[in-house]
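The values are calculated or read from the model by the stated rules, or taken from the named source; none is laboratory data. These numbers were taken from a predicted model, which means no experiment stands behind them. All Cβ positions, even for glycine, are placed from backbone atoms using ideal geometry, and neighbour counts span all protein chains on display.
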Amino acid sequence: MLRTCLTFYFQNNGTENRLLFPDQFLLLPSFTNVRGMDPDGDLEAFYFFFDDLVPCVAGRKVWTLREKAIKLISEAKKVVSVLDEAFTILALMNYWERWTGNGTARWTDSKAGNYQYMGWADAAYLQFDELCKRICEQRQTRLNKKLEQMYLARSRSLLAGGGPHSQRLGGLVETNVEVYNELDSEEED
């Protein structure tokens with residue numbers, strides 16, 4: 001599912017709209033350590049990662065603009081977990097050459113999406129473990145909290161303004177409608 005979602009995203013946006021992406025978006029290192037970014041620098045890769053790529057793993061119906069505007073990413077553990085972030089990065093690392101050129105997948109067979117029908121190569125599991133540990137550590141840092149606070153403020157601003165697609169021909173889209181969300185319960189497991 002993730003491979004298909006990210007593949008679809010990159011095939012549609014990576015070719016047709018490539019000129020719209022900043023040059024940094026064409027480089028894999030821009031996405032493999034977004035939590036290590038300087039909060040005083042250009043945060044477009046951070047925003048792009050959490051707005052467009054992470055929903056391919058966490059789910060677009062759960063990682064909504066409303067959820068993004070409620071709490072910090074690291075506090076929304078039931079919506080965007082360390083595993084979600086790490087797997088997004090792992091998939092990017094695995095399929096990057098395939099999506100951006102004529103290369104093949106790094107840890108999986110490029111045709112079937114798995115490695116000899118046995119899943120990912122062992123090296124991918126080791127990389128995934130390293131990514132999880134790094135993200136756990138990064139979620140605790142002061143600089144990362146600042147990044148997340150800036151993302152939260154941006155998400156709240158977008159939500160208050162009707163979101164990035166609220167301006168349509170003929171006026172604004174209604175944004176005051178709240179619908180039932182089973183995942184938005186106050187009960188903790």
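Screening segment 131-165 for residues that are surrounded by 12 or more Cβ atoms within 10 Å (Cβ to Cβ) and among the small types (Gly, Ala, Ser) and picking the one that is modelled with the lowest pLDDT gives GLY163. Note on segment 44-78: residues that are part of a loop (DSSP other than H, G, I, E, B), in contact with a helix residue (DSSP H, G or I) (Cβ under 8 Å, 6 or more places away or on another chain), at pLDDT 90 or above and over 14 Å from ARG139 (Cα atoms) amount to 2. Pairs are defined by a Cβ separation below 6 Å, a sequence spacing of at least 6 or placement on different chains, a first member in segment 18-36 that is under 13 Å from LEU131 (Cα atoms) and surrounded by 13 or more Cβ atoms within 10 Å (Cβ to Cβ), and a second member that is modelled with pLDDT of 55 or more and small (Gly, Ala, Ser); the pairs so defined are VAL34/ALA45.
Quickly run through segment 137-156 and pick out the residues that are of a type in the set (A, V, I, L, M) and either free of Cβ contacts under 8 Å to residues at least 24 places away in the same chain or closer than 15 Å to VAL80 by Cβ (or both). Selection gives LEU147, LEU152, ALA153. Residues that are over 17 Å from ALA153 (Cβ atoms) and touching a residue at least 12 places away in the same chain (Cβ under 8 Å) within segment 50-73 comprise ASP52, LEU53, VAL54, CYS56, VAL57, ALA58, VAL62, TRP63, listed in sequence order.
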